[in-house]
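S.K.: Got a structure for you, written out below as structure tokens; questions coming shortly.
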Amino acid sequence: MTEPQMRSAAWHETVLATLKSNNVRLITYVPDKVLTPLIKALHGDAFFTTFATTREEEALGIVTGAWMGGMRGAVLMQTSGFATLPNALASLVVPCQIPALLFVSERGTLGEFNLGQAMVCKTMRPVLDALGVENHTITRQDELAFILDRSIKQAVATQAPVAFILSPLLTGGKVFAQ
């Protein structure tokens, strides 16, 4: 996709195209309602090896092993799932210089009903900062391709992880029952 096409595409189409253009072939995830359009699109494209895991640490461990074997990978999760990752990031990914790409659908804000999601949302960015993990909260479609592309290139060049927090302002978030 060209830059203008990516700006007018749905957010998940832009993510898929940017991953592909950066040769990120392995996608592990813990199922998430907000990420469903992206997950379905990834499964539908033979370029990617995409599968669900039972926990976020497992997904991150698989991506770490894939990098050591010469393959680029990403982990998809929601905010509450991030809470399981600080130990794996601090003891494996950061010190071993693994350019893991973390995509987090942001919950815990903008009308959230789940206290657990809200608590992790408040602590996620400070934890990432404390671990020295580059992170970007993406709210606008017109910035999505640029931020993803440049950050993936930087992660690989510097061998450091990066987290993309996908705001409900970008994805539409989870629809809550009235």
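The values are calculated or read from the model by the stated rules, or taken from the named source; none is laboratory data. Model, not experiment: these values are computed from the prediction. Using ideal geometry, Cβ is built from the backbone for each residue, glycine included, and neighbour counts are taken over all protein chains shown.
S.K.: Cβ-Cβ distance below 8 Å, separation of 6 or more or different chains: which pairs start in the range 92-112 with a residue that is of a type in the set (D, E) and end on one that is modelled with pLDDT of 95 or more?
M.R.: If the second residue must be modelled with pLDDT of 95 or more, the pairs left are E106/T137; E106/I165; E106/L166.
S.K.: A further question follows. Of the conditions (1) at pLDDT 95 or above; (2) assigned to a helix (DSSP H, G or I); (3) in contact with a strand residue (DSSP E or B) (Cβ under 9 Å, 6 or more places away or on another chain), A145 clears all except one; give me its number.
M.R.: It fails just one condition, (3).
S.K.: Residue check: is Q154 touching a strand residue (DSSP E or B) at 6+ places or on another chain (Cβ under 9 Å), surrounded by fewer than 16 Cβ atoms within 10 Å (Cβ to Cβ) and either in contact (Cβ under 8 Å) with a residue 12 or more places away in the chain or within 20 Å of A74 (Cβ to Cβ) (or both)? Steps first, please.
M.R.: Numbers: touching a strand residue (DSSP E or B) at 6+ places or on another chain (Cβ under 9 Å): yes; surrounded by fewer than 16 Cβ atoms within 10 Å (Cβ to Cβ): yes; either in contact (Cβ under 8 Å) with a residue 12 or more places away in the chain or within 20 Å of A74 (Cβ to Cβ) (or both): yes.
For Q154, the condition - touching a strand residue (DSSP E or B) at 6+ places or on another chain (Cβ under 9 Å), surrounded by fewer than 16 Cβ atoms within 10 Å (Cβ to Cβ) and either in contact (Cβ under 8 Å) with a residue 12 or more places away in the chain or within 20 Å of A74 (Cβ to Cβ) (or both) - is met.
S.K.: Could you tell me how many of the residues in the range 32-80 are crowded, with 18+ Cβ neighbours inside 10 Å, over 14 Å from the mean Cα position of the chain (by Cα) and more than 19 Å from A160 (Cβ to Cβ)?
M.R.: Residues flagged as crowded, with 18+ Cβ neighbours inside 10 Å, over 14 Å from the mean Cα position of the chain (by Cα) and more than 19 Å from A160 (Cβ to Cβ) within the range 32-80 amount to 2.
S.K.: Oh, and also: What single numbered condition from (1) within 28 Å of K20 (Cβ to Cβ); (2) of a type outside the set (A, V, I, L, M); (3) out of contact with any helix residue (DSSP H, G or I) (no Cβ under 7 Å at 6 or more places or on another chain) fails to hold for G81?
M.R.: The one condition G81 does not meet is (3).
S.K.: Would you mind stating whether S21 is at pLDDT below 95 and small (G, A, S)? Outline the logic, then answer.
M.R.: Values: at pLDDT below 95: no; small (G, A, S): yes.
Against the criterion (at pLDDT below 95 and small (G, A, S)), S21 does not qualify.
Results for (1) of a type in the set (K, R); (2) without any contact (Cβ under 8 Å) to a residue 12 or more places away in the chain, shown as yes or no for each residue.
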| site | (1), (2) |
| --- | --- |
| I39 | no, no |
| G44 | no, yes |
| F51 | no, no |
| R55 | yes, no |
| I62 | no, no |
| A66 | no, no |
| A74 | no, no |
| Q78 | no, no |
